[in-house]
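Let me begin by presenting the structure, written as structure tokens, before commenting on it.
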There are 2 protein chains.
Amino acid sequence: MWGDKLSEGIMSIKEQLQNRFDELTRAEKQLTQLLLQNYPASGLGSITDLAKRSRVSTPTVARLVQKLGYTGFPQFQSVLRAEVGAELSNPIDKYNKWAEHAPDEHILNRFADSVSKNVRQTFSRLQTEEFDEVCALLANTDHRLTIVGGRISRSLADYMFTHMQVIRPRVTHMTSNSNAWPHYLLDMNKDDILVIFDVRRYENDLRRLAEMAHERGVKIILFTDQWGSPISKIAAHKFSCHIEVPSAWDSSIVPMLILEALIAKCKKRIGIKPGAGLTHWQACLTVRAYSESSLRAFSG
Amino acid sequence: MWGDKLSEGIMSIKEQLQNRFDELTRAEKQLTQLLLQNYPASGLGSITDLAKRSRVSTPTVARLVQKLGYTGFPQFQSVLRAEVGAELSNPIDKYNKWAEHAPDEHILNRFADSVSKNVRQTFSRLQTEEFDEVCALLANTDHRLTIVGGRISRSLADYMFTHMQVIRPRVTHMTSNSNAWPHYLLDMNKDDILVIFDVRRYENDLRRLAEMAHERGVKIILFTDQWGSPISKIAAHKFSCHIEVPSAWDSSIVPMLILEALIAKCKKRIGIKPGAGLTHWQACLTVRAYSESSLRAFSG
DNA sequence: AAATTTTTGAAATTTAATTGACAGCCCGAT
DNA sequence: ATCGGGCTGTCAATTAAATTTCAAAAATTT
């Protein structure tokens with residue numbers, strides 16, 4: 001638009017904050033976020049209160065508003081009040097959209113809608129007891145833990161592996177190359193846990209893997225879609241996720257959400273367990289330190 | 001009636017003023033009229049200012065609000081602010097339990113709440129124009145596309161790779177092992193696109209990679225968190241995702257949501273492009289058919 | 001019309017908010 | 001590893017705001 005600087009005069013404070021967000025410092029961003037979160041009411045109190053709620057110091061608040069071009073907090077506030085007057089007089093219900101500046105039909109809004117719906121539908125049928133049981137299983141380091149996914153869901157398996165590896169020992173990610181699977185299988189028994197990600201289109205290799213593991217007494221935890229992969233029948237525990245989005249394929253958001261919640265709870269369980277010396281993740285961090293910075297040689 | 005005092009709690013200040021207008025004194029009526037005239041903005045300034053504008057003294061204002069039952073002007077004002085907040089703020093699923101059978105404090109519900117909040121905050125600041133531009137870039141097969149992630153976000157990079165690979169040619173996933181990066185870099189130029197996933201804690205290797213790529217004129221698309229990785233400065237496009245959840249680390253849900261939407265739109269763009277013979281993904285599917293069923297030999 | 005009660009605003013007091021100066025801290029660079 | 005620059009918070013001084021006090025003015029009653 002013509003005249004970014006000129007139009008600042010007619011730009012709402014909200015827009016100013018959004019546009020200039022990038023050039024703000026950490027504390028200022030923190031503050032800005034709180035301001036935008038419940039705008040404009042959150043900015044109408046005292047500067048002290050605002051600072052306290054956003055966990056920054058009062059001078060930071062004063063400095064921010066000066067950066068925006070106001071002479072001080074009082075002037076900033078009076079502009080805000082003026083906006084309240086203007087805002088309330090034209091009550092558009094723009095708050096039903098996720099992305100305010102986009103039309104309802106924009107794919108971002110449609111996607112967010114679908115995901116929200118998926119989460120609600122999935123969670124309404126989710127048994128928290130089962131969730132807690134699975135959590136207990138995963139946190140029990142007596143069991144070895146193997147993770148495997150399909151073509152698409154491999155990334156989820158990878159994500160789970162990356163996290164579980166840090167919070168507990170004896171975790172394996174079976175690669176998507178099914179040639180190597182028999183090797184792993186031979187070694188599994190009833191003390192093993194196998195986490196499978198299998199959403200449509202269900203893969204035969206995964207089904208066979210599950211069957212064979214089941215015969216060996218391996219406990220199977222399954223992440224699947226609402227229709228249920230054929231593995232459902234033999235899985236010890238199952239999460240059925242709604243995965244439909246306005247797209248040619250399926251969404252991995254809901255499984256990932258459950259996964260993150262699981263990992264979070266597991267970590268909490270294992271974290272408080274009295275350990276001798278280094279916890280597992282501390283050891284991991286130590287190892288990581290050595291593997292950093294290989295680019296330095298190249299760039300220098 | 002038993003209602004008067006009790007119902008004052010749920011009555012808006014405006015209603016209170018209107019109902020009790022008759023029992024007020026001259027100066028108080030004068031004040032009240034000014035308040036109602038531009039309600040509630042007119043009540044959000046200082047008591048001095050309010051008094052001055054309605055031509056009464058400050059004690060008169062103080063006395064009026066006490067008459068209404070408030071301990072003083074500040075309390076009165078905070079109630080007024082709360083009204084502004086309620087009026088303007090987003091009513092979407094505020095007190096919406098996600099998992100019906102679980103208590104509010106169950107981690108599943110807390111997680112779903114956080115994620116919902118994250119999505120809303122992220123999307124409210126997301127420029128759809130930028131989203132569309134990025135989409136156009138990704139769908140333009142004249143550019144080569146390279147994807148890279150950090151330790152945790154590697155899975156996201158992998159997810160993106162898996163999908164992009166199907167809908168367009170010339171896609172590469174740079175592994176997390178930064179030793180191999182210089183090799184890729186040497187070959188990049190201004191016709192390249194580099195997608196980087198970098199959330200806290202920002203990794204130095206990634207930053208250096210970005211800087212070096214930038215010097216070569218490579219366009220960088222960055223997925224980062226709300227605070228912004230140092231790469232933000234040199235990125236051609238950036239998605240800032242809110243990633244905080246009740247957990248020791250961060251959520252990948254929002255980046256993945258944006259990612260999925262991007263992929264969906266890209267696919268649509270490329271899908272309708274008139275192609276000669278096989279589209280890219282049809283070719284991919286054909287190749288896959290050969291690689292299936294390696295377990296069959298083992299199980300049979 | 002005088003006395004009394006009520007209301008009102010000026011001034012003083014108390015309380016809180018705002019700003020400016022300084023020092024520690026974190027981050028990136030050398 | 002050390003150094004410098006910018007960011008951030010603590011503290012103190014200043015300023016503004018809110019409340020209380022009190023006396024004058026208005027309204028009401030006798």
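With a ≥ b ≥ c taken as the square roots of the eigenvalues of the C-alpha gyration tensor of region A:110-168, please select rounded if a/c is under 1.5 and otherwise prolate if a/b is larger than b/c or oblate if it is not?
It comes out oblate by the Cα gyration axes.
When the dipole is taken about the Cα centre of region B:3-88, and only Lys, Arg (+1) and Asp, Glu (-1) are charged at their Cβ, what size is it in debye, to the nearest 20?
360 debye
Which whole number gives the average count of other chain Cβ atoms within 10 Å of the Cβ atoms across peptide A:106-115?
6
Amide H neighbours of residue B:242 under 5 Å, counting only residues 5+ apart in sequence or on other chains, H built in-plane at 1.01 Å?
Residues meeting the amide H criterion: B:122.
Counting only residues 5 or more places away or on other chains, whose amide H sits under 5 Å from the amide H of residue A:173 once H atoms are built in the peptide plane?
Placed amide hydrogens put A:147 under 5 Å from residue A:173.
If you take each beta carbon of peptide B:37-50 and count the beta carbons of other chains within 10 angstrom, what is the mean?
Per residue, the number of nearby Cβ atoms from other chains is 3 on average.
Pop out the ³J(HN,Hα) list for region A:60-72 in order, Karplus 6.51 cos²θ - 1.76 cosθ + 1.60 with θ = phi - 60°, rounded to Hz; leave Gly and Pro as x.
My calculation for region A:60-72 gives 4, 4, 4, 5, 4, 5, 5, 4, 6, x, 8, 6, x Hz in order.
Could you do me a favour and compute the accessible area per residue for region B:111-291, 1.4 Å probe, result in Å²?
Heavy-atom accessible area per residue stands at 40 Å².
Ranked from highest to lowest mean number of other Cβ atoms within 10 Å per residue, what is the order of the peptides A:164-173, B:261-270? Mind dumping the intermediate values first?
Working: A:164-173: 19.4, B:261-270: 20.9.
Highest to lowest by the protection proxy: B:261-270, A:164-173.
If you roll a 1.4 Å probe over region A:6-89 with all protein chains in place, what percent of the accessible area is carbon or sulfur?
That share works out to 52 percent.
For region A:185-202, what does the Karplus curve 6.51 cos²θ - 1.76 cosθ + 1.60, with θ = phi - 60°, yield as ³J(HN,Hα) per residue in whole Hz, taken in order and with x for Gly and Pro?
4, 3, 8, 8, 8, 5, 8, 9, 10, 10, 9, 10, 9, 9, 10, 4, 7, 4
Order these peptides, B:194-205, A:197-208, by their mean beta-carbon neighbour count within 10 angstrom, highest first.
B:194-205, A:197-208
So if I average 1/r over every pair of distinct C-alpha atoms in region B:3-88 and take the inverse, what Kirkwood radius in Å does that give? Please report the intermediate quantities before stating the final value.
On the way: mean 1/r = 0.0774 Å⁻¹.
This gives a value of 12.9 Å.
By per-residue mean of other Cβ atoms within 10 Å, what is the highest-first order of B:252-260, B:116-124?
B:252-260, B:116-124
If you take the accessible area of B alone, add that of A alone, and subtract the area of the pair, what total do you get in Å², probe 1.4 Å, to the nearest 100?
Rounded to the nearest hundred, the buried surface is 8100 Å².
Per-residue HN-Hα couplings for region B:17-22, Karplus 6.51 cos²θ - 1.76 cosθ + 1.60 at θ = phi - 60°, whole Hz, x for Gly and Pro?
3J(HN,Hα) across region B:17-22, in whole Hz: 4, 5, 5, 9, 4, 5.
Do any of A:29/B:117; A:29/B:268; A:14/B:117; B:190/B:267 go past 27 Å between their Cα atoms, and which?
A:29/B:268
Please say if region B:122-231 is rounded, prolate or oblate, where rounded means a/c under 1.5 for a ≥ b ≥ c the square roots of the C-alpha gyration tensor eigenvalues, and otherwise the choice is prolate for a/b larger than b/c and oblate otherwise? Don't jump to the answer; show the numbers that get you there.
Working: a/c = 1.36, a/b = 1.04, b/c = 1.31.
Rounded.
Given H placed 1.01 Å from N in the peptide plane, which residues other than close sequence neighbours of residue A:197 have an amide H under 5 Å from its amide H?
Placed amide hydrogens put A:148, A:149, A:150, A:223 under 5 Å from residue A:197.
Compute the distance in nm between two label points, each set 7 Å from the Cα along the Cα-to-Cβ direction, one at residue A:55 and one at residue B:78.
The answer from the label model is 2.2 nm.
Return one whole number: the accessible area per residue of region A:6-89 in Å², for a 1.4 Å probe. Don't skip to the end; give the middle numbers.
On the way: 3910 Å² over 84 residues.
Per-residue value: 47 Å².
The values are calculated or read from the model by the stated rules, or taken from the named source; none is laboratory data. Please read all numbers here as calculations on a predicted model, not as lab measurements. Glycine gets a Cβ as well: all are built from the backbone with ideal geometry, and neighbour counts include every protein chain shown. These area figures cover heavy atoms from the full protein model, side chains too; ligands, DNA and RNA do not enter into them. Shrake-Rupley method; radii C 1.70, N 1.55, O 1.52, S 1.80 Å.
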